[in-house]
Amino acid sequence: MTHLDGNVLAGVAADLFAFDTTTATGRCAECRDVATLAEALVYGAPMGFVARCRACLAVLVVIVERPGGTLLDLRGMRWVTTHVGDRRPAVSPGSTPPDGPPSRAT
Ligand SMILES: [Zn+2]
């Protein structure tokens with residue numbers, strides 16, 4: 001099976017992160033609660049932030065600012081969707097995330 005290198009993701013990744021991330025909706029990997037990032041409970045630390053699930057307090061997102069870059073850990077999110085137009089990017093382009101993203105009324 002042939003594959004492409006990660007450079008092929010440049011365009012879609014740039015589009016994916018070019019929005020107000022607090023409006024992104026995600027599912028907690030622990031309890032399956034679906035909410036926007038703005039609804040998370042955020043705890044600040046000198047070096048970054050920890051966002052916890054509003055329902056079960058599991059860690060959803062960790063952002064650590066460090067020399068040379070910022071670390072983004074999304075392992076507490078089962079999936080994240082952005083709601084930009086009709087585009088519904090998921091964790092894996094071209095596939096529906098496990099349990100599917102929420103439907104949006106149009
Ligand atoms: Zn949860």
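The table that follows gives values for the structure above.
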item	result
Residues located in the range 64-79, provided they are modelled with pLDDT of 90 or more and either basic (Lys, Arg) or buried (at least 17 other Cβ atoms within 10 Å of the Cβ) (or both)	Arg75, Gly76, Met77, Arg78, Trp79
Search result, residues across the range 6-36 that are within 15 Å of Thr82 (Cβ to Cβ), surrounded by 15 or more Cβ atoms within 10 Å (Cβ to Cβ) and in contact (Cβ under 8 Å) with a residue 40 or more places away in the chain	Leu16, Ala24, Thr25, Gly26, Arg27, Val34
Test: residue in the range 45-53 that is within 14 Å of the ligand (Cβ to nearest atom), modelled with pLDDT of 90 or more and assigned to a loop (DSSP other than H, G, I, E, B)	yes
Residues within the range 54-79 that are under 14 Å from Cys31 (Cβ atoms) and more than 13 Å from the chain's Cα centre (by Cα), tallied	5
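The values are calculated or read from the model by the stated rules, or taken from the named source; none is laboratory data. The structure displayed is predicted, hence computed values, not measured ones. Here the Cβ is made from the backbone with ideal geometry for all residues, glycine too, and neighbour counts use every protein chain on show.
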